[in-house]
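Asks: Pasting in a structure now, in C-alpha cells, and then I'll have a few things to ask.
The values are calculated or read from the model by the stated rules, or taken from the named source; none is laboratory data. None of these values were measured; they are calculated from a predicted model. When we count neighbours, we look across all protein chains shown, and the Cβ atoms used for this are built from the backbone with ideal geometry, even at glycine.
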Amino acid sequence: MKRIFLLLFLVSINSIAQKKVQVDLSNPNATIYTHLYFLQPDSYEPEKAAVTIQGYSGEEAIDKAIKLKQILDGKGLFVDFSKIPNDHDFNDTIGYSKSYKYTLFPVRMPLISVEKVGNKWLYAQETVRSIDAMYNEVFPWYVQKLQKIIPAIGHQKLFGVEIWQIIALLILLTIAFVLFYVIKKIAFSLLQKIQYKITHSKNDEVNKVLKKLSRPISLLIAFAFFESVFPSLLFGLDTNKWVFLSLNIATTVFWIYVFLKLVQVTMRIYAEFAERTHGKLDDQLVPILHNFLTGVVVFLGILKLLTLFGVNVATVIAGASIGGIAVALASQDTVKNLIGTFMIFLDKPFHIGDWIEADNVIGTVEEVGFRSTRVRAADTSVYQIPNSKLSEIVINNKGLRLYRRYRTDLGIRYDTPPILIEAFVKGVKEIIIAHPETKSDAYNVEFNGFGDSALLIMVNVYFKSLEWDVEQSSKHRLHMAIVKMAAALGVEFAFPSTTLMIEQFPEKKSIDLKYNTTQKSIEKAIKNVIDDFSQSSTE
C-alpha cells in the first residue's frame, strides 16, 4: 500500500513539473518566460523557445530566439517577471485605438516587444525584423573572428573567467583611457573656441570651468566606447547586469555634472552680458536663474537615477504632481509671489538702484528675490514688499526719468530796485547755463509773483544725472552760486516781516538800503560771479 502511495506521489510531482515547463503563449509574461526558460543551460530546449518568434519556424526561428536572448544578456538586461503583465488581453493604449503590445525595456531597448496575434502572444514583427541588426550592433563582426583565433589556452579559466576575457578587458580599459586623454584635449580646445565666438573675449574664470567641463565630456565618450565594446567580451548576464548598471549610474552622474557646469558657464557668460547693459535688474536675475536651472538639472538627474533602479518615473511624477498641488493650495501666497517675480523680470518696471514710489513706499530698489523685493527708504530703513503685490500696484519709477526736475522760489526784498531784479534774474540764468550738471536749453528763471514778505523769483531747472546724491551736490553748487550772485549785486533775500509806517517820529532815519544801481557795477558783479563759478566747475 505504501508503495502505491509513493508511486502516486511521484507521478503527481512529475505532472506538476511537466506543467511548469509547458509552452505557454497566453499572455506577455508567459511568452517571455517560455522564450528565456527553454534557453537556460539546465532546461535547454531551443525548439520550444523558437515558437515565440513570429513569422519563422525551424532553424531560422531557433537562430533568432537564441540571438534575441544573447542580445538581452550582452546588454545586461535582466527581465523582472514580477513587472510583466499576465493579462491575456493586456492593452497598452493611449486614446481610443487598441494596441495589444508590451515593450520589455522602453528606454534601453524599445525595439524588443511582444504583441497579441490571434489568441497567442508572440514577439512583434518589428522585433523579429530587427534581431539581426541588434545582434550585429551588440556583437560586431570581429567577435566571431576573435573566437576563431583565440588559442586553447585562452579559454582556460582564472577565477571563473576565461584568460582571453581578462586580457581583452585590460586592452579595452587601456584604449578607453587613451581615448579619454585625447578627447579631453580636443573638447577643451573646442569649448574655448565656442566661448570666444560667443563672447569675443577671454575669461580666466570661464576657462577654468571649461577645463573642468572637458573632463566629464571625455569620460562620457570613453564610457560610450566601453559600453559598446564590452558585450563583445561575452561575459555572463549577471556580470553584464552589474557592469552596465554601474556604467549607467556613472554616465548619469557625469551628465548631471556636465549640465551643472554648462549652467555655470552659461550664467557666467550671461553675467558678463548683464554687466554691459544699463539696467541692473538683469544682474539680479543671474543668481535666480542659476538656482532655478540647477534645481531642474538635479531633479531630472534624480529621476533618471530612479529609473536605473527600476522605479517607475510616471508614478514619481504623479506623486510629485499631487504633492505639488497640495503644497500649492497650502501656500497660495508663495505661488502668487513667485508668479509676481516672473512678471517683474518680464515687464521690468524698474531696475536695481531705481528710486520708486509704490503706494506708501518710497525708496531705492536694492534686491528682487523669489518672494519679495527689498526697497531702502531715504532714512535707510528697509521695506520688504511681496512681489505679488508689487506686480499689481501702480509704480512711479523715478529712475526712468530723463532728467531730475528741480523747482524753487527765491524771495527778495520788496524795496529791491527793478534794475537789480532784472540783473539778478539775468545772473541766475547765466549760472544755470554755466552749470555742467543742468540742461542749458531747458530752464526757467522769472519774476512770477508777489509774496506776503517778498518778491518771488521762480527757478525751474533740470539736472542731467539721475542719481540722488549727484542731484544734491548739483543743488548745493547752484545755491551757492545764487547766494554769491545776490551778495555781489547787493540783493537781499527777504524773510517774513511786518513793516510799521510812522509818518513823523523825531530823530529817526529810514532803514531803506542803499542799492548800487549803476550799470557798470552791475555788469562787473555778474561777470565776476560767473567767471568764478565757471572756474570752480572745471576744477
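Asks: List every residue pair whose Cβ atoms sit under 6 Å apart, with the two residues 6 or more apart in sequence or on different chains, where the first one lies in the stretch 233-247 and is crowded, with 16+ Cβ neighbours inside 10 Å and the second, anywhere, is modelled with pLDDT under 75 and outside any helix (DSSP H, G or I).
Replies: That search, which allows pairs on different chains as well, returns nothing.
Asks: Looking only at the stretch 26-56, which residues are aromatic (Phe, Trp, Tyr) and free of Cβ contacts under 8 Å to residues at least 40 places away in the same chain? Before the answer, list the steps.
Replies: Taking the stretch 26-56 first, the residues aromatic (Phe, Trp, Tyr) are 33, 37-38, 44, 56.
Passing the criteria: Tyr37, Phe38, Tyr44.
Asks: Starting from residues that are out of contact with any strand residue (DSSP E or B) (no Cβ under 9 Å at 6 or more places or on another chain) and more than 23 Å from Glu492 (Cα to Cα), keep the ones in the stretch 438-463 and report whichever is surrounded by the fewest Cβ atoms within 10 Å (Cβ to Cβ). Break it down stepwise before answering.
Replies: Within the stretch 438-463, the subset out of contact with any strand residue (DSSP E or B) (no Cβ under 9 Å at 6 or more places or on another chain) is 440-441, 452.
Narrowing the set further to residues that are more than 23 Å from Glu492 (Cα to Cα) leaves 440-441.
Working: Ser440: 13, Asp441: 7.
Of everything passing the filter in the stretch 438-463, Asp441 is surrounded by the fewest Cβ atoms within 10 Å (Cβ to Cβ).
Asks: Against the definition (crowded, with 16+ Cβ neighbours inside 10 Å and at pLDDT 70 or above), how does Asp354 come out, yes or no?
Replies: Details: crowded, with 16+ Cβ neighbours inside 10 Å: yes; at pLDDT 70 or above: yes.
Yes; evaluated as a whole, the condition is true for this residue.
Asks: Got at least one residue in the stretch 112-130 being at pLDDT below 80, within 21 Å of Leu247 (Cβ to Cβ) and either in a helix (DSSP H, G or I) or not basic (Lys, Arg) (or both)? Full working, then the answer.
Replies: First, the residues of the stretch 112-130 that are at pLDDT below 80: none.
Taking every residue of the stretch 112-130 in turn, none turns out to be at pLDDT below 80, within 21 Å of Leu247 (Cβ to Cβ) and either in a helix (DSSP H, G or I) or not basic (Lys, Arg) (or both).
Asks: Considering every residue within the stretch 408-418, establish whether at least one is modelled with pLDDT of 90 or more, surrounded by fewer than 19 Cβ atoms within 10 Å (Cβ to Cβ) and polar (S, T, N, Q).
Replies: The answer is yes; a qualifying residue exists.
Asks: Considering only residues that are under 30 Å from Phe244 (Cβ atoms), surrounded by 12 or more Cβ atoms within 10 Å (Cβ to Cβ) and modelled with pLDDT of 80 or more, which ones fall in the stretch 82-99? Break it down stepwise before answering.
Replies: Going through the stretch 82-99, the residues under 30 Å from Phe244 (Cβ atoms) turn out to be 82-87, 90, 92, 94, 99.
With surrounded by 12 or more Cβ atoms within 10 Å (Cβ to Cβ) added as a condition, the list becomes 84-87, 90, 92, 99.
Ile84, Pro85, Asn86, Asp87, Phe90 - these are the residues of the stretch 82-99 that are under 30 Å from Phe244 (Cβ atoms), surrounded by 12 or more Cβ atoms within 10 Å (Cβ to Cβ) and modelled with pLDDT of 80 or more.
Asks: Can you name the number of the only condition in (1) surrounded by 15 or more Cβ atoms within 10 Å (Cβ to Cβ); (2) in contact with a strand residue (DSSP E or B) (Cβ under 9 Å, 6 or more places away or on another chain); (3) closer than 26 Å to Lys520 by Cα; (4) at pLDDT 90 or above that Glu422 fails?
Replies: (1)
Asks: Applying the selection to the stretch 348-377, what residues are among the aromatic types (Phe, Trp, Tyr) and over 21 Å from the mean Cα position of the chain (by Cα)? Give the derivation first.
Replies: At the first step, the residues of the stretch 348-377 found to be among the aromatic types (Phe, Trp, Tyr) are 350, 355, 370.
Phe350, Trp355, listed by residue number.
Asks: Now, a different point. Which pairs have Cβ atoms under 7 Å, sit 6 or more apart or on different chains, and link a residue in the stretch 57-79 that is outside the structural domain of Phe244 (by TED's automatic domain parsing) to one that is among the hydroxyl-bearing types (Ser, Thr, Tyr) and not in a helix (DSSP H, G or I)?
Replies: Between residues of the stretch 57-79 that are outside the structural domain of Phe244 (by TED's automatic domain parsing) and residues that are among the hydroxyl-bearing types (Ser, Thr, Tyr) and not in a helix (DSSP H, G or I), the close pairs are Lys64/Tyr56.
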